[in-house]
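Notes for the one structure printed next.
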Amino acid sequence: QSTLASRQMQSTLASRQMQSTLASRHQRIAKGQVIDFEILRKDDDTRCYSVTSLDVDDTTDDDGGGSNKKTTSVFIVPVGREHEYVFASRDGLEQLATQARTRRLLVVRFDRSHVVDFETAKDELGPFVVDAAPEGAGEITFFTAEAPTKEILESGTTASGDTYFVEELEESRRRVRRLVFGSNVGVLQTEVRVATRVVAAGKKKKKTTNQKMIWHYLTSAYHAGITAGLLGFGRLDKVCLVGLGGGALASTLVAVEKNVDLAVVELDDVVVAIAERHFGFQRARPRTTVTVGDGLTFFDDQGPSPFDAIVVDVDAKDSSKGMSCPPPAFLEAEFLAKVQAALANDGLFVLNVVARDPTALLLVAANLTAAFRAVATLRPDDADLNHVFFCFKVPPDNFDHLKLDARRKLLSWLVKTPKATTNLLVPDDDDDLESTFLQLIDKLRPLN
């Protein structure tokens, strides 16, 4: 008898009626229908798998010989690749379904507390897959992709009760270190590059040791977008960063402007310790302050000294609403009004949004344009789900002129910045930093 049970993601515990509704919705193929549910362990209600069921169009043979589709296929996402666009976005899943030539695609993601091999997963998922397939589905095909080889450096539980994993793996011939939270495995909380250098053991000794170095380079395209925007549109004298994660963005801002007064707000003190222990974040830096508390209330008691820029990069523990970052409360008028009040007259508010549902993005845009008179959006990389919103307290006279000014400021910064600093952001064997920044500025689009 199976020790697993299923529930809809929106519910805390599925009732018989909910389970019946879920089963009835699965009986018929309906183009565009998406159903999210979880598979739990019966004895303690622990999540083992998250499943997305997606119904897609019919396809035909390449030679036009008529429909040649399987009714239902199951794709098991390799652990460590959940964040990739093809596995995390609606467009990517539709492409995957087309390649699999299937009418219904069930996309299965492991919970990090329950990782088993492919054959074991097939056996455990079997009864639920049958229930999630339409009547008369026939043979159901399981498939997967290559999983990266990775090393778990540390795992545990945060103060808020979420599980976390610090892992290292080879990706595109580079070694990277990542922080992933169990509640949101489809989002890389932090990723940095790890390099190894040889260090002499002593002046007269020939023995050497390998020392790992953390590069605060712009691994994430959205980090590059935020950095380019802050350099081009704002000032970096006094900046507030809500959401630390592994501290990669905080370290990047310090590398970009060594004299920045940086206020970091992080809900969880365990996360701060992880950032220091594994990702090179320097909490003890004299001009960095760390507040362990809720970013939603941090601006309630701010003094008269305003921030030049406020950056919010916070993940949502519940991604069932189609948005993984930020939690909905950070988009409400009450919070946005606090941000407005905490900004300098020419201040800049920057918000990172991760959404797989286009409707959720439209809601974000509506809320921000209602609160700020000038908002621009940037999708740094078409291969991921991040969208960065720049909200100006004072609207520019002309957006094209603003972008030209931003280009000039970036070029000026690059000229006067030592090579040692820019190499921390983009190592010599990577893309040119000037091209990266200028291309990102060119991608920016005004919303109002």
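The values are calculated or read from the model by the stated rules, or taken from the named source; none is laboratory data. Since this is a predicted model, take the numbers as computed values, not measurements. Quick reminder, even Gly has a Cβ in these numbers, built from the backbone with ideal geometry, and neighbours come from all protein chains shown. Accessible surface areas use protein heavy atoms only, side chains included; no ligands, DNA or RNA. Shrake-Rupley method; radii C 1.70, N 1.55, O 1.52, S 1.80 Å.
Give me the distance in nm between label points sitting 7 Å out from Cα along the Cα-to-Cβ direction at Val292 and Lys419, one decimal.
It is 4.3 nm.
Working from the alpha-carbon coordinates of the stretch 249-373, get Rg over Rh, Rh being the Kirkwood radius.
Rounded to two decimals, Rg over Rh is 0.97.
If Rh is defined by the Kirkwood formula over all Cα pairs and Rg also comes from Cα, what ratio Rg/Rh do you get for the stretch 81-136?
0.99
Using the Karplus equation 6.51 cos²θ - 1.76 cosθ + 1.60 (θ = phi - 60°), what ³J(HN,Hα) coupling, rounded to whole Hz, does each residue of the stretch 366-374 give in order, writing x for Gly and Pro?
The phi angles translate into 5, 5, 6, 5, 6, 8, 10, 6, 9 Hz.
Report ³J(HN,Hα) in whole Hz for each residue of the stretch 392-399, in order, from the Karplus equation J = 6.51 cos²θ - 1.76 cosθ + 1.60 where θ = phi - 60°; Gly and Pro get x.
Those phi angles translate into 9, 5, 10, x, x, 5, 8, 5 Hz.
Between His401 and Asp91, take the C-beta separation as r, use R0 = 51 Å, and let me know the FRET efficiency to the nearest 0.05.
Computed FRET efficiency for His401 and Asp91 comes out at 0.90.
Under the rule of at least 5 residues apart or a separate chain, name every residue whose amide H is placed under 5 Å from the amide H of Ser324.
HN-HN under 5 Å from Ser324: Val354, Ala355, Arg356.
Let's see if you can work this out: charge +1 on each Lys and Arg Cβ, -1 on each Asp and Glu Cβ, no other charges. What is the dipole magnitude of the stretch 65-119 about its Cα centre, in debye to the nearest 20?
I would put it at about 320 debye.
Report the percentage of all Cα-Cα pairs in the stretch 327-396 whose separation exceeds 13 Å, rounded to a whole percent.
Here the long-distance tail beyond 13 Å is 63 percent of all Cα pairs in the stretch 327-396.
When the accessible area of the stretch 261-416 is split by element with a 1.4 Å probe, what percent falls to carbon and sulfur?
54 percent
Given 0.36 nm per residue, what is the gain on full extension from Gln302 to Ala341 after removing their alpha carbon distance, in nm?
13.1 nm
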